[in-house]
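The values are calculated or read from the model by the stated rules, or taken from the named source; none is laboratory data. All values reported here derive from a predicted model rather than from experimental measurement. When we count neighbours, we look across all protein chains shown, and the Cβ atoms used for this are built from the backbone with ideal geometry, even at glycine. In case anyone asks, the SASA skips ligands and DNA or RNA and just uses the protein heavy atoms, side chains included. Shrake-Rupley method; radii C 1.70, N 1.55, O 1.52, S 1.80 Å.
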Amino acid sequence: MAYNVKSMVATEFIDDAEIQETLAYAAAHKNDRALVESLLERAKDCKGLTHREAAVLLECDDPELIHKMETLAMEIKQKFYGNRIVMFAPLYLSNYCVNGCRYCPYHGQNKHIARKKLTQEEIVREVVALQDMGHKRLALETGEDPVRCPIEYVLESIKTIYGIKHKNGAIRRVNVNIAATTVENYRKLKEAGIGTYILFQETYNKKQYEYLHPTGPKSNYAYHTEAMDRAMEGGIDDVGCGVLFGLNLYKYDFVGLLMHAEHLEAVHGVGPHTISVPRVRRADDIDPDEFENGITDALFQQIVAILRIAVPYTGLIISTRESKECREKVLRLGVSQISGGSRTSVGGYADGGEEEDSSQFEVSDNRTLDQVVNWLLDGGYIPSFCTACYREGRTGDRFMKLCKSGQIVNCCHPNALMTLKEYLEDYASPDTYKKGIALIEREIPTITNPKVRETVLRHLKDMDGGMRDFRF
């Protein structure tokens, strides 16, 4: 067995010996200032770094060099994504689960958590509540239970969600975070019109993975790790990766995550559309202090910055697992998507979040969506509710070509402004409305294409008359 980035065997494209050699190399070169500076200089071309090169940056603990990494990450993020921050919310359909995961309260041995599965009528109430907030993009979440929550239930739920039109609200993109499944089921998800298929690896260390997943379908390391390849084979060209930092040695999982990105790029020509960076959080019978590999906020920020440098094209996601203060710091360093007004319990939106005994983890940022939007506006960011690329077919390699060439901004910037205007007109508080309109007025002159600028101005005026859903 040897490392092979193009292999379709999990233990070959995530090769333990390669990771160990990478970590040893990084440790041996952590004080090689010339090497670190040369890597940062080369990364300015926005073509990324290899997993081994990125590992050297992560091992470096020189404050001055870390500051340079953060500065470069900010520059790269600005080049690819500007000051836009995409908004989304998770929607938990069911927390029935047959797995035995040691870090998740949904595990099958947990006999006191309230088990719930939304009916289609309850899904309508949840989605209406989300639409009343102003959300346009959802991430569906379920536990793994082939009997209580089969693929047919997920497909029916997606159809229900896309069919709900409430006032001026509509969910325009449904991303799906469900358990690893078959090529046939991925084809069905593609036909249902999903956006991104998301699956967290949790940890790339096979031995630790098998310890953390002692029972259930998820205990199969290879089947889980190879899921993205099956999703791609099934026609899903936007996939999202992530590890749960704190379960294993962070350096190992950081390298594994980048190796997985390299594998997808090498085999399919498309790296991950998104990378998420969750950390272990307290939930029901799960105590994060029991996991000895937790990482500090400072280290977390360094990880985010290096991910932005190493895979500059990917969207980096941070959820309400993290506090307002932590999210504020990593937004500068490369995060491009955040959740707002999130509930992690099944049925948590329609019932006002009162029944938190079914939640997957504790939310650290409990602000409403309007409060998050207001906060982003204060920071000079454009809260974006855009789903245009997905709806215009700019996915997979088509999106990546535009992103890597820096051309995606010509679509994303005007779309962000128009979807922000929609939000302001239909959902914003008076203070948020005032700030948002002022930001749009400041941003319009920065649209360099005069025809695009003229079109945006016309559409913004049309919105004053009640029209909605314009996009490039």
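Taking region 81-97 as the range and being closer than 25 Å to L155 by Cβ and either without any contact (Cβ under 8 Å) to a residue 12 or more places away in the chain or not in a strand (DSSP E or B) (or both) as the test, the residues that pass are N95, Y96, C97.
When the test is whether a residue is part of a helix (DSSP H, G or I), in contact (Cβ under 8 Å) with a residue 40 or more places away in the chain, among the polar types (S, T, N, Q) and in contact with a Lys or Arg (Cβ under 6 Å, 6 or more places away or on another chain), T11 does not pass it. Within region 168-180, the set of residues being open to solvent by less than 20 Å² (accessible area, probe 1.4 Å) and under 22 Å from the mean Cα position of the chain (by Cα) comprises A170, I171, R173, V174, N175, V176, I178, A180. The number of residues in region 209-234 that are open to solvent by 20 Å² or more (accessible area, probe 1.4 Å) and either touching a residue at least 60 places away in the same chain (Cβ under 8 Å) or touching a strand residue (DSSP E or B) at 6+ places or on another chain (Cβ under 9 Å) (or both) comes to 10.
Residue-by-condition table, conditions (1) in contact with a strand residue (DSSP E or B) (Cβ under 8 Å, 6 or more places away or on another chain); (2) farther than 30 Å from L49 by Cβ; (3) crowded, with 17+ Cβ neighbours inside 10 Å:
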site	(1), (2), (3)
E70	no, no, yes
E75	no, no, no
Y92	yes, yes, yes
Y96	yes, yes, yes
T142	yes, yes, yes
I158	yes, yes, yes
H166	no, yes, no
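When region 362-403 is filtered for residues that are surrounded by 18 or more Cβ atoms within 10 Å (Cβ to Cβ) and on the phi > 0 side of the Ramachandran plot, only G396 remains. The residues of region 46-68 that are open to solvent by 70 Å² or more (accessible area, probe 1.4 Å) and over 15 Å from L258 (Cβ atoms), listed by number, are D61, P63, E64, H67, K68. Among the residues making up region 39-72, those that are assigned to a helix (DSSP H, G or I) and among the β-branched types (V, I, T) are V56, I66, T71.
Determine, yes or no, whether E12 is more than 18 Å from A266 (Cβ to Cβ) and surrounded by fewer than 17 Cβ atoms within 10 Å (Cβ to Cβ). No, not satisfied.
For E126, are the conditions met, namely being out of contact with any Cys (no Cβ under 6 Å at 6 or more places or on another chain), at pLDDT 95 or above and under 28 Å from S384 (Cα atoms)? It is true that E126 is out of contact with any Cys (no Cβ under 6 Å at 6 or more places or on another chain), at pLDDT 95 or above and under 28 Å from S384 (Cα atoms).
Exactly one residue among L307, L316 is touching a residue at least 24 places away in the same chain (Cβ under 8 Å) and in contact with a Lys or Arg (Cβ under 8 Å, 6 or more places away or on another chain), and that residue is L316. The lone criterion from (1) more than 22 Å from I198 (Cα to Cα); (2) among the hydrophobic types (A, V, I, L, M, F, W, C); (3) assigned to a loop (DSSP other than H, G, I, E, B); (4) in contact with a Lys or Arg (Cβ under 8 Å, 6 or more places away or on another chain) left unmet by C386 is number (1). Applying a threshold of 6 Å to beta carbon distances and a minimum spacing of six or more residues, or different chains, the list of pairs starting in region 400-417 at a residue that is more than 14 Å from G315 (Cβ to Cβ) and ending at one that is among the small types (G, A, S) and assigned to a helix (DSSP H, G or I) reads N415/A388. Could you check how many residues of region 188-208 are farther than 11 Å from N248 by Cα and open to solvent by less than 50 Å² (accessible area, probe 1.4 Å)? Matching residues across region 188-208 total 11. Would you say L457 is assigned to a helix (DSSP H, G or I), over 22 Å from L331 (Cα atoms), open to solvent by 60 Å² or more (accessible area, probe 1.4 Å) and in contact with a helix residue (DSSP H, G or I) (Cβ under 9 Å, 6 or more places away or on another chain)? Here the answer is yes, as L457 does meet what is asked.
Counting residues in region 426-446 that are over 23 Å from K167 (Cα atoms), of a type in the set (V, I, T), open to solvent by 30 Å² or more (accessible area, probe 1.4 Å) and not in a helix (DSSP H, G or I) gives zero.
Scanning region 235-264 for residues that are in a loop (DSSP other than H, G, I, E, B) and in contact with a strand residue (DSSP E or B) (Cβ under 9 Å, 6 or more places away or on another chain) yields I236, D238, L244, G246, L247, N248.
Tell me yes or no: at least one residue of region 189-196 is among the polar types (S, T, N, Q) and part of a helix (DSSP H, G or I). For region 189-196, residues among the polar types (S, T, N, Q) and part of a helix (DSSP H, G or I): absent.
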